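Chemist: Handing you a structure now.
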Amino acid sequence: MTARTTLFPTGRRREPEPPPPPGPLSGLYASVVFDRPLDTEYTYAVPADLAGKVGVGKRVEAPFGKGDKTTPGFCVRVTDEPPSAAFEVKPLARVLDDDALVDGHVMALTRWMADYYLCGWGQVLHAVVPAGVRGNAGTRVAAFVEPVPKDHLPNPLPSVTPQQKAALDKLKKEGRPLEILQLARLAKCTTGVVGGLVKKGLVRKFSERVETEASGGRQPPDVSEGSGDSRPPLAIELNADQVRVWGQVHAALQTGGFRPFLLHGVTGSGKTEVYLRAIEETVKQGREAIVLVPEISLTPQTISRFEGRCGTVAVLHSHLTDAERGGYWRRVASGHVQVVVGARSAVFAPTRKLGLIVIDEEHESSFKQEATPRYHARDVAVMRARLEGIPILMGSATPSLESWSNAARGAYTLLSMPSRVESRPLPGVRVIDLRHEPKPSGKHFAVGATLEAAMRTTLKAKGQVILLLNRRGFSTHVHCQACGHVAQCANCDLALTFHRAKAALVCHFCGFETAPFQTCPGCSQPSMRYQGLGTEKLHAEVEEKFPGHVCARMDSDTMSKPGSHRRVLDAFRDGLVHVLVGTQMIAKGLDFPNVTLVGVVNADVGLHLPDFRSAERTFQLLAQVAGRAGRGDKGGQVLIQTFTPDHPCVTLASKHDFVGFAGQELAHRKQHQYPPFHRMARLIVRSEKEEAASKFADTLAGAFHEATRRAAGGPAVRVLGPAECPVFRLNNFYRFHFQVQSADTAVLHDVLRDVLAMARPPHGVEFQVDVDPFSML
């Protein structure tokens, strides 16, 4: 069964066929951008037969490149002003869409993204519109029939068979067009009978694109209906902090206009209730809301909080098929969805009357995209809110230092919620110095004696335990004791991780796999040793040490199938699982009152990486996972195992002191000219040939020297490099990088544009520009 819907925008594409020869021109000209790393708009003449179809935000096909190959692109401007340059203007080949896929607000947003992130406008537009929309996934062209109006019936009326009369009567009784197949089923006849009515001029046949069962347009389980104004049976009474914060947010929603809020609330302070009330108020005003959450926080528990209170909710996540994603896009664009909840790409949802943007866990690094366009969803969301003149509410217990700095200088309004709901205390945190912890006996060593004793006490009291280890796999380091050979990826300068469940050594970057070594590949001795610790080995240790209790594991290895999050978390909530082991995906968004102990197995994972954000990320992870404890009447405690107990990010996280950490870290950043005090860009040169990459990196160094010389006299620009990347070879590419910093954003961009214009990579060499980089490896 298919649903016949009016699609807006349809993204409708006609069947592929050679473009017709160009006819008379209309006098209109269309500016087109293509999915290429080019900051150029190309002008095409609009044929007369396309004048009524072409429009801004629609896709078109036009001759482009060598051989004038017909290439799809986006129309970004239509004018009757001919181009000033004296060159031949080629005509458009065809218009691909009946309705614009991108409205004026998002068009302006993508133009800003292209300028700020230094990539092609066409590349941004291509990324913004999902593949399922561009390819009409989840739709099909269906043949419909409807009765011919009385004044258009043939005269005299032709005779009809009894079956034809029955089919015609059924169509008239329905009072709406029907698919030919549907009418044949209802009238219990063949499609030939309906075809006979068409031939006799009694019904009109036409084609229309409709949603299929597999598309989001059929409202599958991830689209939920709510009343929008409904409350839970027992309305939640706000505490003093929530009342104060909600008052400011409510006032902004009433007055309208761009108002960026940074909501800093400790874990368990009730930030979600403020989000929900703001969304309810937005929906009540007849407007829509976008809610951005990290992908790992898109748990059933998170989603259920929005369902039932916030109108019709669509949830966008990575497990959607192209058909489902395309269906959701069309439902949002047609006004059938009031609230869009999703990861970073949801910031581009085609809402009709956007009234609010909410970003939960705004500090999350997953909001940064690592492929072109390399945008940060938080910053794009702030710009979208500015362009549409609406409030934006960003919340976190551990805000990013960029947002904290924006609030300190008055660019954002800081809202504070320093206490937990119902006056519950924050959990006590104890730091365990692994340098002095007694060594566990036997083959297992992850859970120290102190943590093990605390786990036994907790489980005996019928409490539940969460153990965090932000490293997956079984053994993270495989080496030969005889010659020192280390098992490395064949494509990357990275060590392989042993996964016992799949009996393979795996590269966590490129996916390379090989069978475990029985003898050393270097010296052929049977002396390979499997060391290091991942969640798979931790899970095995817990099961061995606590045989009478159920332990479940949550990491990207075990949570890859749709529904896996829900199954594990439901079992944990129901008390069927006693110990939950996992990576950072268990550190956020979980609220289980019976969790009375949280253990951080190794706080040093990620702390000593060559990345200026490593301390900030470690503090955030420790503070977030600590917040999973003590959310019920039983209270809770947190134990952190570490070899660096005196590191500020560990000591201050143990005190729940974000303000103190932010002050120390910002002073360090300012001293070394790091963000948020200086803007930063990273350029990576890569090639499968090391010499080619090195040579072009030297060429770029010369271009930087010339560009900074031109910029002399203004704010300083600091260029570091070229140097080998910390991980020199990735996926068979040798990589060199530059780090460029300046206190002035405009000057930094001017220098980068000059360099990009002067240095073009040769064949076989690529380079990437990453503005505001998050990964320094």
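The values are calculated or read from the model by the stated rules, or taken from the named source; none is laboratory data. Because the structure is a prediction, the values reported are computed rather than measured. Here Cβ is always computed from backbone atoms with ideal geometry, including for glycine, and neighbour counts include all displayed protein chains. Surface areas here come from the heavy atoms of the whole protein model, side chains and all, with no ligands, DNA or RNA. Shrake-Rupley method; radii C 1.70, N 1.55, O 1.52, S 1.80 Å.
Chemist: Positive end of the dipole of the chain, charges at C-beta (+1 Lys, Arg; -1 Asp, Glu), about the Cα centre: which of CYS551, ALA240, PRO438 has its Cα farthest in that direction?
Modeler: Of CYS551, ALA240, PRO438, it is CYS551.
Chemist: Right, here's the next one. Need one number: % antiparallel among DSSP beta bridges in the range 477-635, to the nearest 5.
Modeler: 75 percent
Chemist: Over the chain, what is the mean sequence separation of C-alpha contacts under 8 Å (at least six apart), divided by residue count, expressed as relative contact order in percent?
Modeler: 10 percent
Chemist: What is the distance, in nm, between label points placed 7 Å from the Cα along the Cα-to-Cβ direction at VAL727 and at LYS655?
Modeler: That separation, rounded to one decimal, is 3.5 nm.
Chemist: Oh, and also: Give me the accessible area of LEU576, 1.4 Å probe, in Å² rounded to the nearest 10.
Modeler: LEU576 exposes around 110 Å² with every protein chain in place.
Chemist: For the ranges 104-114, 723-733, what's the packing order if you count other beta-carbon atoms within 10 Å of each residue, average per peptide, and put the highest first?
Modeler: So the peptides 104-114, 723-733, ranked by packing, come out 104-114, 723-733.
Chemist: Taking the DSSP beta bridges in the chain as the whole, what percent of them are antiparallel, to the nearest 5?
Modeler: DSSP beta bridges in the chain are roughly 55 percent antiparallel.
Chemist: Which Cα, out of GLY428, PHE619, VAL717, lies furthest along the positive dipole direction of the chain (beta carbon charges, K/R +1, D/E -1)?
Modeler: GLY428
Chemist: So how much accessible area does GLU422 have, in Å² to the nearest 10, using a 1.4 Å probe?
Modeler: About 140 Å², rounded to the nearest 10.
Chemist: At THR413 and PHE509, where each label point lies 7 Å from the Cα along Cα→Cβ, what is the point-to-point distance in nanometres?
Modeler: It is 4.5 nm.
Chemist: Can you give me the long-range amide H partners of THR312? Hydrogens built in the peptide plane at 1.01 Å from N, cutoff under 5 Å, separation of 5 or more residues or another chain.
Modeler: Long-range HN contacts for THR312: GLY226, GLN338, VAL339.
Chemist: Between the range 702-754 and the range 379-455, how many Å separate their Cα centres?
Modeler: The two parts, judged by their Cα centres, are 33 Å apart.
Chemist: If one computes the Cα centroid of the range 610-682 and of the range 539-555, what distance in Å separates the two points?
Modeler: Measuring centre to centre over Cα atoms gives 29 Å.
Chemist: Among DSSP beta bridges whose residues both lie in the range 21-170, state the antiparallel percentage, nearest 5.
Modeler: 95 percent
Chemist: What FRET efficiency do you get for ARG760 and ALA701 if R0 is 22 Å and r is their Cβ-Cβ distance, rounded to the nearest 0.05?
Modeler: 0.90
Chemist: Report the label-to-label distance for THR161 and THR321 in nanometres (one decimal), using points 7 Å from each Cα along the Cα→Cβ vector.
Modeler: For the pair THR161/THR321, the computed spacing is 3.7 nm.
Chemist: Can you give the angle from 0 to 90° between the axis of helix 745-758 and the longest principal axis of the chain, with both taken from C-alpha atoms, to the nearest 10?
Modeler: 70 degrees
Chemist: Hey, got the dipole for the chain? About the Cα centre, +1 on K and R Cβ, -1 on D and E Cβ, debye to the nearest 20?
Modeler: Dipole of the chain, to the nearest 20 debye: 1580 debye.
Chemist: Give the distance, in whole Å, between the Cα centre of the range 313-349 and the Cα centre of the range 509-528.
Modeler: 44 Å
Chemist: OK, next. By per-residue mean of other Cβ atoms within 10 Å, what is the highest-first order of 349-357, 623-631, 605-613?
Modeler: 623-631, 349-357, 605-613
Chemist: Can you give the FRET efficiency to the nearest 0.05 for VAL148 and LYS53, using r as the Cβ-Cβ distance and R₀ = 35 Å?
Modeler: Using R0 = 35 Å, I get an efficiency of 0.80.
Chemist: Would you mind getting me the FRET efficiency between GLU237 and VAL550? Use the beta-carbon distance for r and R0 = 25 Å, nearest 0.05.
Modeler: Efficiency, rounded to the nearest 0.05: 0.10.
Chemist: Still on this model: Name all residues of the range 40-72 having a backbone nitrogen under 15 Å from the label point set 7 Å from the Cα of LEU25 along its Cα→Cβ direction, giving them as ranges.
Modeler: The answer is 43-51, 63, whose backbone nitrogens lie closer than 15 Å to the label point.
Chemist: Using Cα atoms only, what is the angle between the long axis of helix 240-255 and the major principal axis of the chain, expressed in degrees (0 to 90) to the nearest 10?
Modeler: Between the helix axis and the principal axis of the chain, the angle is about 30 degrees.
Chemist: Using only Cα atoms, tell me the angle between helix 535-545 and the longest principal axis of the chain; keep it within 0 to 90° and round to the nearest 10.
Modeler: Value to nearest ten degrees: 50.
Chemist: Which cysteines in the chain lack any other cysteine whose Cβ sits under 4.7 Å from their own Cβ?
Modeler: Isolated Cys, the chain: CYS75, CYS119, CYS189, CYS310, CYS510, CYS551, CYS649, CYS725.
Chemist: Taking 0.36 nm per intervening residue step and subtracting the Cα-Cα distance, what contour gain separates ARG352 from ALA461 on full extension?
Modeler: Stretched fully, the ARG352-ALA461 segment lengthens by 34.0 nm.
Chemist: So for each of 132-138, 170-176, 688-694 I average, over its residues, the number of other beta carbons within 10 Å; can you give me the resulting order with the highest mean first?
Modeler: Result, highest mean first: 132-138, 688-694, 170-176.
Chemist: Within the chain, what whole-number % of the accessible surface is contributed by carbon and sulfur, with the 1.4 Å probe and all protein chains included in the calculation?
Modeler: Taking all protein chains in place, the chain shows 52 percent carbon and sulfur surface.
Chemist: Leaving ligands and nucleic acids out of the surface, order ARG709, ARG420 by accessible area at 1.4 Å, largest first.
Modeler: ARG709, ARG420
Chemist: For each pair in LYS368/LYS655; LYS368/LYS561; LYS173/LYS199; LYS271/LYS561; LYS58/LYS172, compute the distance between the two Cα atoms and list the pairs where it is over 27 Å.
Modeler: LYS368/LYS655; LYS271/LYS561; LYS58/LYS172
Chemist: Could you work out how much longer the chain between GLU688 and GLN254 gets when fully extended? Use 0.36 nm per residue separation minus the Cα distance between them, nm to one decimal.
Modeler: The GLU688-GLN254 span can extend by a further 150.6 nm.
Chemist: Suppose accessible area is computed on protein heavy atoms with a 1.4 Å probe; arrange ASP770, ASP557 from highest to lowest.
Modeler: In descending accessible area the options line up as ASP557, ASP770.
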